[in-house]
Amino acid sequence: MLDSPNKLDALSAQIRSDLDRIAHPRQPWLEPKTGPDGKPVFDVAVVGAGQSGIATAFGLMRAQVRNILVIDKAERGMEGPWRTYARMKTLRSPKDFTGPDLDLPSLTYQSWHEARFGAESWAALDLIPKELWAEYLLFVRDVVGVPVENGTALRRIAPAGDCLRLDLIMSDGETRTIYARKIVLATGQEGAGLWWMPEFIRALPPHLRAHAADDIAFERLKGTTVAVLGAGASAFDNAATALEAGASEVHLFCRRATPQTIQPYRWLTFAGFLRHFSELDDAWRWRFMSQILGLREGFPQETYDRCRRHANFILHEGEAWTGASETGGRARLTTTKGSFEADFLICGTGVEMDFSARAEFDGFAGNIATWADRYEPPAEERDERLARFPYLGPDFAFCEKVSGLTPFLRDIHLFAIGSTMSHGPSGSSINAMTTAVPKLVSGVTRGLFEADLDRHWRSLQRYDVPQAILR
Ligand SMILES: Cc1cc2nc3c(=O)[nH]c(=O)nc-3n(C[C@H](O)[C@H](O)[C@H](O)COP(=O)(O)OP(=O)(O)OC[C@H]3O[C@@H](n4cnc5c(N)ncnc54)[C@H](O)[C@@H]3O)c2cc1C
């Protein structure tokens, strides 16, 4: 593979030129506002500089919403899972799924890859290595000029007159407050809750267990027996990583009779569903999503083969964990088929919606409307896990459980896995970015426009720029 800085420079120039050609309408339309501290208020604060936050900011900038700030608690390059807990070698989605480029051909991953490694390399590429995806995301944000502040975490959101207050904490421990008219939470899989594991596993000492999204010291698992719960892609990736690190045995426990190999997110990747799912009534949205999220995500062939090539990989089918205790420095599991002892447990058990688990929502978590508050499915479609998902407005904003208690929720937009029940795959999914990000951006700009209607009306009345000189 050949690194080609000149070609990347040429590509950057082409992107800037392309953006200039499609910049219409160029006219700025937002007026600076002052916050309670006398300092300028951001029109939008985007929390999270992963692919969703970057693409959202890019979309806002194309709509001439430029007074924005993107923050991320991670250091530059470490946003999202790609260089941390994503333990696969490549993306799972096909290489031609576009997203952060927002339909600009020169900004696609393919264009970047061809500039970096050549067209032949792209043609020969099967799936995108995850580190390259992370590198590409940095390129996108730099070339379009997204203003990102890394090492800055959002601690808490609170209302402040006609804007929102964001209490921030920097990686050096310094705290700071900023104000914004709107907030987009592009905070990833756990953005509206937490990584979930059974309570009896959480109760074990941390040296005996981890979630698949935790920072796991795999080198310490050499020569040990590892048990993994779950049969989704991340569970298999963690099992493979433990095997490659020299674990003596890795046992993966799948509660189904056989692991689920269907990937429903592949089925739904068509324009009709991606564009119009969010416009369906509640009954149809619930029906589709309970089927899709009920199936959970299947794993790709490579993920399975990566485990299967090790003779010391043991798959336990139709066996769920029902309890756990510590015994002689090891974990003792009870399962639906008996008991099992391991040195270390990894839960590939996904996320759970729980607003109260997020410090950002302190003070208003209880008034965020969920699907349980808005829709009662027929008995055969009931699902408590899905009922806990937030019920979002058409602009991805939170809705109030009790109207009037926390009206500022209409200015907090969630673009994460939590958006899925209301909007289908949207945040936290590459396949939907091309349709979902423009929809989110349009919702945010609509809110900003409507809030300024009086000013726009007065501006129109004052408008006196002649188009022609009468002679
Ligand atoms: C292991 C794994 C593999 C995946 N593989 C694929 C794949 O191959 N194809 C596909 O389409 N999808 C895949 N996904 C799904 C999805 O594309 C990813 O989860 C992707 O990272 C989502 O991007 P995001 O920007 O929404 O969230 P993230 O990339 O997770 O970014 C969220 C960011 O928000 C920041 N943040 C969170 N809270 C705060 C806070 N309070 N203050 C400041 N910053 C904060 C985090 O530091 C993080 O950088 C995968 C997901 C996982 C977990």
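Starting from the stretch 143-172, keep only residues that are closer than 30 Å to residue 115 by Cα and in the same structural domain as residue 74 (by TED's automatic domain parsing), then list their pairs with residues that are polar (S, T, N, Q) and away from the ligand (no atom under 11 Å from the Cβ) whose Cβ atoms are within a distance under 9 Å, requiring at least 6 positions of separation or different chains.
143/12
Let me spell it out: the conditions are (1) in a helix (DSSP H, G or I); (2) within 30 Å of residue 179 (Cα to Cα); (3) out of contact with any strand residue (DSSP E or B) (no Cβ under 7 Å at 6 or more places or on another chain), and residue 101 meets all of them except one. Which number is the exception?
Against the list (1) in a helix (DSSP H, G or I); (2) within 30 Å of residue 179 (Cα to Cα); (3) out of contact with any strand residue (DSSP E or B) (no Cβ under 7 Å at 6 or more places or on another chain), residue 101 comes up short only on (1).
How many residues are more than 15 Å from the ligand (Cβ to nearest atom) and among the aromatic types (Phe, Trp, Tyr) if we restrict to the stretch 42-69?
Residues flagged as more than 15 Å from the ligand (Cβ to nearest atom) and among the aromatic types (Phe, Trp, Tyr) within the stretch 42-69 amount to 0.
Just wondering, is there one or more residues in the stretch 332-340 that are of a type in the set (S, T, N, Q), under 30 Å from residue 277 (Cβ atoms) and either crowded, with 18+ Cβ neighbours inside 10 Å or in contact (Cβ under 8 Å) with a residue 12 or more places away in the chain (or both)?
For the stretch 332-340, residues of a type in the set (S, T, N, Q), under 30 Å from residue 277 (Cβ atoms) and either crowded, with 18+ Cβ neighbours inside 10 Å or in contact (Cβ under 8 Å) with a residue 12 or more places away in the chain (or both): absent.
Only one residue in 118, 161 is more than 12 Å from the ligand (Cβ to nearest atom) and at pLDDT below 95, so which one is that?
161
From 349, 336, grab the single residue that is of a type in the set (Ser, Thr, Tyr) and within 15 Å of the ligand (Cβ to nearest atom).
349
Would you pick out the residues in the stretch 164-189 that are within 12 Å of the ligand (Cβ to nearest atom) and over 28 Å from residue 439 (Cα atoms)?
Hits for the stretch 164-189 are 169, 170, 171.
I'd like the residue in the stretch 228-261 that is of a type in the set (Ser, Thr, Tyr) and surrounded by fewer than 18 Cβ atoms within 10 Å (Cβ to Cβ) and, out of all such residues, is nearest to residue 288 (Cα to Cα).
Among those that are of a type in the set (Ser, Thr, Tyr) and surrounded by fewer than 18 Cβ atoms within 10 Å (Cβ to Cβ), it is 261.
Are there any pairs with C-beta distances below 7 angstrom linking a residue in the stretch 79-96 that is under 17 Å from residue 232 (Cβ atoms) to a residue that is near the ligand (Cβ under 6 Å from one of its atoms), with the two at least 6 apart or on different chains, and if so which?
93/430; 93/431
Can you name the residue in the stretch 262-288 that is free of Cβ contacts under 8 Å to residues at least 60 places away in the same chain and surrounded by 17 or more Cβ atoms within 10 Å (Cβ to Cβ) and is also nearest to residue 299 (Cα to Cα) among such residues?
263
Residues of the stretch 289-327 being in a loop (DSSP other than H, G, I, E, B) and touching a residue at least 12 places away in the same chain (Cβ under 8 Å), which ones?
Hits for the stretch 289-327 are 296, 297, 298, 299, 300, 310, 312, 318, 319, 320.
Pick from 76, 92, 116: which is basic (Lys, Arg), under 18 Å from the mean Cα position of the chain (by Cα) and crowded, with 19+ Cβ neighbours inside 10 Å?
Result of the check over 76, 92, 116: 92.
Select, from 452, 411, the only residue that is in contact (Cβ under 8 Å) with a residue 24 or more places away in the chain, away from the ligand (no atom under 16 Å from the Cβ) and surrounded by 21 or more Cβ atoms within 10 Å (Cβ to Cβ).
The conditions single out 411.
Within the stretch 190-242, track down each residue that is away from the ligand (no atom under 16 Å from the Cβ), among the β-branched types (Val, Ile, Thr) and farther than 16 Å from residue 313 by Cβ.
Scanning the stretch 190-242 gives a single hit, 201.
Out of the stretch 109-150, which residues are closer than 15 Å to residue 178 by Cβ and assigned to a loop (DSSP other than H, G, I, E, B)?
147
Can you tell me which residue within the stretch 79-89, out of those that are of a type outside the set (Lys, Arg) and within 8 Å of the ligand (Cβ to nearest atom), is farthest from the chain's Cα centre (by Cα)?
For the stretch 79-89, the residue satisfying everything is 88.
Quick one: in the stretch 352-394, which of the residues that are within 16 Å of the ligand (Cβ to nearest atom), aromatic (Phe, Trp, Tyr) and in a loop (DSSP other than H, G, I, E, B) is nearest to residue 191 (Cα to Cα)?
Within the stretch 352-394, the match that is nearest to residue 191 (Cα to Cα) is 389.
When residues of the stretch 399-425 are filtered for being in a strand (DSSP E or B) and either β-branched (Val, Ile, Thr) or closer than 21 Å to residue 377 by Cβ (or both), how many remain?
Residues in the stretch 399-425 being in a strand (DSSP E or B) and either β-branched (Val, Ile, Thr) or closer than 21 Å to residue 377 by Cβ (or both): 1 in total.
Sort out which residues of the stretch 36-62 are more than 20 Å from the chain's Cα centre (by Cα) and outside any helix (DSSP H, G or I), and write them in order of number.
If the condition is that a residue be more than 20 Å from the chain's Cα centre (by Cα) and outside any helix (DSSP H, G or I), then 36, 37, 38, 39, 40, 41, 42, 43 are the ones that fit.
Working only within the stretch 9-35, note down all residues that are outside any helix (DSSP H, G or I) and not hydrophobic (A, V, I, L, M, F, W, C).
Passing the criteria: 24, 25, 26, 27, 28, 31, 32, 33, 34, 35.
The values are calculated or read from the model by the stated rules, or taken from the named source; none is laboratory data. What you are looking at is a predicted structure, and each value in this text was computed from that prediction instead of being measured. Cβ coordinates were reconstructed from backbone atoms using ideal geometry, including for glycine residues, and neighbour counts include every protein chain displayed.
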